[in-house]
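Here the structure is laid out as structure tokens; the discussion comes afterwards.
Rule-based calculations on the coordinates, nothing more; no lab input. Only a predicted model underlies this, so the values are computations on that prediction, with no experimental measurement involved. Note that each Cβ is placed from the backbone with ideal geometry, even for glycine, and that neighbours are counted across all protein chains shown.
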Amino acid sequence: MVSGKTTCGFCGCGCGLYLLHEDGNAIGVIPSDKDIVNEGRLCIRGWHIHQPLRNTERILHPLVKGERASYEDAVSFVADVLRRYPPERVGIIGSASATNESSYVVAKFARAVIRTNNVDFPGRSRVTQTLFQLLSSQEGASVLCSFEDLAEADVLFCIGIGESDRYPQVTARIFKAVVEDGRQLLLIDTWQSDFAPYASLYLSPKPFSDEFLLRALSKALDGSIPMPFSSEQVRSITGLSDEQIMAAADLLSSGRRVVAIYDTASLIHIRSPHCMNELLRLLRVLKGMGAEWCRILPMLERCNTAGALRMGVAPDLLPAFKWVTDADAVQKTCSIWGVDKLPRNKGMNFNQMLMAAERKEISALIIIGDDILTDYPDHELLKSALSNLELLVMITAYHSPLTEVAHCVFPRAIWGEVDGTCVNMEGRVCRLVSVCEPKGDARDEWQVLCDVATKLGYTMRYSSCAEIEDELKRLVPEYGDIRLERANAKTCLLRETSITIPTYSAHGEISPPALPSTSEEFPFLLITERYYLPWHADLLALHSSTLQREFRLRFTPHVFVNSAVGSSIGLRDGMPATITTPHGSARVTSIFKEAIPSGIAILPEMFFPQLRHVIGREGVDEQTGAPIYPVVVARLERTR
Amino acid sequence: MGTVEVGSKLTLSKGRLNDFLRSLDAPLAAPIRLEHGEVHFAVNPPLEQILRDAEYVNSTISPVALLFPQTEVLFNFRLNGKPQLEFPPPPQPLIIFGIRSCDVAAMRYLEMFFSRSFVDTPFFERAKVTTLISIACQRPGKNCFCPCCAGGPFLEDGYDIQLVDFGELFLVEVGSEKGKQLLSGREGFFELASEELVERRNRLYEETLQKFEIASHMGTGVRKLTSRSVSEELWKMMASRCIECGGCAFVCPLCTCFDVVDHKLPSENDGAVCGWRERCWDCCQFAGYSMEAAGVSPRPDKLSRFKRRFYHKLSYFYMEMDGRVGCVGCGRCIQVCFGVVDMPAVVNTLREEKVFGVRLR
């Protein structure tokens, strides 16, 4: 039998497919060749999304202090303990893989039931750094790009997009544009991906120099743009020559329809909002020079990163991108939620909640899903921080280092067992359908939260997902305009007018990155970036037999280094190397890439817990709460 | 009318089609449209949902998947001392109606492949009881190139029953014992076809050949690959566009790679371990597919795996062994590929020996 049309639950592309099932068991997938997102294509993840539904290693029953408990007892236990804590000592960590409906209930539970703004999802601060800068600009959402627009672009400006298998539906458009339609690709990436041979121009600048490069491009096209640094300084910071910058500027200005594509996960450093400002400036210059249109496609990591944000799973956001201090929004939300007030002060974000747990400044956390494990690969640190909690509740499908220290675990229904909607990177609302019965006592996280809420004295009951949708449409009116029956039309794209941002503004001029100095002992600058998919650590993917096998092979610790430099210090391509930093050493495989700047080594440390000790702890920006990923110096030696 | 024989040419009036289909006492798979219009071969669909010849080209997933599904339970097991195995019940007879010539040719290849060195029982038990009523194509799709691959649009042999749609009636060609068996006892639905109709059929075949948009010079592909005269640079450029999604293998009706996985259920009270063994589609582009014991792989990198796929499909060594080129020209790989490295794109790149400006189709 064939299910209703559903959407893949992995990345931010949101591919349309059907689930093939027999006697309640998922047996395969059928890609939709009518879907405007994927046009019949599926990546290795999408082709195997039915496999976790066949996997028997699931948490089937609630656990209270490690012992099997009934669902009712578990709900009572959580409510009883939660009652003891003041709102500021409780936090909720949601998930970018959870549906809109579920995320709406998460945000509502935090604010209406617990009365806290300590609600966030892993990875949010990375996205909002750039996305909000974009949405609050004069162009606002009108500058966002859909896949249909992408197919019409004649210049594709890709900045730090990483490897070609990260966002496959974007990859397909890039390759078709270049190979079939003769369009131009300007690729700017320190990482030398499989796109590089296909770029009309490929530049590999020094890391953290994006804002300089973008300003220099604007300046090259429009002499009136201020540039507070000399050409000498720009060359030194970017590692690019004047000719290279001019060539890039020429390429951009030759386009009538220009799309800038970037990965929200890659511009993860503190200067991201400034980079976005510079990108917007550049596109305005191009527009002024006569381009028909210039758009931006921010690639979002998970299937509902955009939706979780819009539903208010953030410490300073109510649903519909309204600020927690917006009086009108607060009043409207209060009336729909049946409360007289909402917490006013901005809450703790994800990183801050983890640090608070470490310092025992927070007593209870409710964690939904497993994204936290891929976003925070230092599992030992995570476990020790969360062990400090007086109450750790996890709503999850799989055992992990965290369920070992959780006081209560609720089994969670997974993709294919839940109904709802999600929003992809274009802002397109996509439907998910439930096909299989949740295993054991598993249920939607929103069910669990509703039951805990009711036990705490705030009656929250929805008989179905559709009921949640009806309520959330009242607070998120643009969602209410979506007609999912016409799922392939532009009517499914969420496009609100701009929003105002009190806290994310990029203040001040472009400034050179503050990087540690290299020395003879440590001649390399080691940068860690998300060039890889995090999927090999994603628990849903790991419960697909094929993906588990494949990802274990595709993702092993490597350090990427310039070929010439690597050879000169005795390394060999594909052979073991030892990397040593002031913090420690680790064994990796060294991989040669011709175009990585010399003096740079790239370590996709984010996904290998065994390399964490080499990098050191990341910091948190005091103002935005965004993580600051460390840059360290290193040396590389051949391991014998 | 007399008895039906292999080689008989008959006619079936459209008005009698549904009665004929109802008379078949076996599950019927036929093409229908899913919620958003995708074509899919469903089993026992309501007759009014079955698509007419002019209403579809082909399905996204080949109907060969009815005999070699994406996931298939091989047996259930119970281990408590002596292992007990429970095999699935023998498969029911199946009639696939509306299957196209390319998929019929693929089915014959699969029957050969799955019985060559040893018999793949799960596939073969199904194949033995499956009969194909194919409809020859008169309106090729934009991705079709079966004439380049001995895959159609009309087959001269290798089919069970081949229909050609002439508006008011079908020409019915009986091509095999299975086809004959299916029609025996149902002669009442048919008339003998006139010679004039058979001539019209031959002319229609020639006309259909002119309608194809793609020409894939498979012969050149075979020659260049077999003689190893493809430059490394050309291979590298093509392989760099592949993202190892597996799509080409999963939609190709001649691809046969599979993995075998055991699943265990939580232990029972008596300590018995229960579970099942299943097989699922796999792909030679996946790193783990070729991985051998002790972690060695003969194809550790994407480039070698990419080359391998096309060597298997196009090299003369395989053609001799398999009796045909490893492609029937169904065009599904074009639909699913992210990197423009589907069969015609690769073959034409090999032919023109350049990456940019090549005529891809």
Per-residue ellipticity at 222 nm for chain A, helices alone: DSSP H runs ≥ 4 residues times -39500 (n - 2.57), over residue total, nearest 500 deg cm²/dmol?
-8500 deg cm²/dmol
Mind checking the mean number of beta-carbon atoms from other chains within 10 Å of the Cβ atoms in B:271-282?
2
Rg and Dmax of the stretch A:352-415, Cα atoms only, in Å:
11.0, 35
How shielded is A:173-179 by partner chains, expressed as the average number of their Cβ atoms within 10 Å of its Cβ atoms?
5
Expected-Rg normalisation [2.2 N^0.38 Å, Cα atoms] applied to chain A
0.94
How large are Rg and Dmax for the stretch A:524-638 when only the alpha carbon atoms are used, in Å?
15.1, 44
Going by how many other Cβ atoms sit within 10 Å of their own, how do B:Val57, A:Val259, B:Val296 line up, fewest first?
B:Val296, B:Val57, A:Val259
I need to check one value: relative contact order of the stretch A:524-638, counting alpha carbon pairs closer than 8 Å and at least 6 residues apart, in percent.
37
If you fit an axis through the alpha-carbon atoms of helix A:445-455 and take the longest principal axis of the Cα set of chain A, what angle between them do you get, 0 to 90°, nearest 10?
40
In whole µm²/s, the translational diffusion coefficient that Stokes-Einstein assigns to the stretch B:1-150, given a Kirkwood hydrodynamic radius over C-alpha pairs, 4 °C and 1.567 mPa s, equals 73
Step through the residues of the stretch A:244-256 one at a time and calculate ³J(HN,Hα) from phi using the Karplus curve (6.51 cos²θ - 1.76 cosθ + 1.60, θ = phi - 60°), rounding each to whole Hz and writing x for Gly and Pro.
5, 5, 5, 4, 5, 4, 4, 4, 4, 6, 7, x, 8
Of all DSSP beta bridges with both partners in the protein assembly as shown, the antiparallel percent, nearest 5, is 60
Going toward the positive end of the dipole of the protein assembly as shown, with +1 on Lys and Arg Cβ and -1 on Asp and Glu Cβ, which of B:Val198, A:Trp415, A:Pro557 do you reach last?
A:Pro557
Give the Rg/Rh ratio for the stretch B:301-347, taking Rg as the radius of gyration of the Cα atoms and Rh as the Kirkwood radius, to two decimals.
0.99
Rounded to the nearest 20 Debye, what is the dipole magnitude of the stretch A:131-299 about its Cα centre when Lys and Arg each give +1 and Asp and Glu each give -1 at the C-beta?
360
Rounded to whole Å and sorted largest first, list the principal axis extents of the Cα atoms in the stretch B:1-83.
62, 41, 22
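Would the stretch A:205-306 count as rounded, prolate or oblate if I go by the C-alpha gyration tensor, calling it rounded below 1.5 in a/c and otherwise prolate when a/b exceeds b/c, oblate otherwise?
On the way: a/c = 2.04, a/b = 1.21, b/c = 1.68.
Oblate, since a/c reaches 1.5 and b/c is not below a/b.
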Quick note on A:Leu213, A:Leu391, ordering by fewest other C-beta atoms within 10 Å, gives A:Leu391, A:Leu213
Kindly work out what percent of the DSSP beta bridges joining two residues of the stretch A:524-638 are antiparallel, to the nearest 5.
70
When DSSP assigns beta bridges and you keep just the ones with both residues in chain B, what percent turn out antiparallel, to the nearest 5?
80
Return the inverse of the average 1/r over all pairs of distinct C-alpha atoms in the stretch A:131-299, which is the Kirkwood hydrodynamic radius, in Å to one decimal.
15.8
Return the long-range amide H neighbours of B:Thr130 (sequence gap of 5 or more, or a different chain), with a cut-off of under 5 Å between placed amide H atoms.
B:Leu94
Which order do A:Arg549, A:Arg587, A:Arg302 fall in if you start with the one that has the fewest other Cβ atoms within 10 Å?
A:Arg587, A:Arg549, A:Arg302
Whole-number value, in Å³ per residue, for the convex hull of the alpha carbons of the stretch A:90-186 is 140
Rounded to the nearest 20 debye, dipole of the stretch A:23-157 from Cβ charges on Lys, Arg, Asp, Glu:
860
Ratio to report: Rg/Rh of chain B, with Cα atoms as the point set and Rh obtained by the Kirkwood method; give two decimals.
1.00
Just to confirm the number: angle between the C-alpha axis of helix A:210-221 and the first principal axis of chain A, 0 to 90 degrees, nearest 10?
50
What are the semi-axes of the equivalent ellipsoid for the stretch A:44-142, taken as the square roots of 5 times the Cα gyration tensor eigenvalues, largest first, in whole Å?
31, 25, 10
With charges only on Cβ, +1 for K and R and -1 for D and E, what is the dipole size of chain A about its Cα centre, in debye, rounded to 20?
420
Go ahead and estimate [θ] at 222 nm for chain B from helices alone: -39,500 (n - 2.57) per DSSP H run with n ≥ 4, summed, over the residue count, rounded to 500.
-8500 deg cm²/dmol
Place +1 on the Cβ of every Lys and Arg and -1 on the Cβ of every Asp and Glu in chain A, take the dipole about the Cα centre, and give the residue among A:Phe208, A:Gly123, A:Pro226 whose Cα lies farthest towards its positive end.
A:Gly123
Could you give the angle, 0 to 90 degrees to the nearest 10, between helix A:71-82's Cα long axis and the longest principal axis of the Cα atoms of chain A?
70
Towards the positive end of the charge dipole of the stretch A:524-638, with charges on Cβ (+1 Lys, Arg; -1 Asp, Glu), say which of A:Val632, A:Pro534, A:Ile579 has the farthest Cα.
A:Ile579
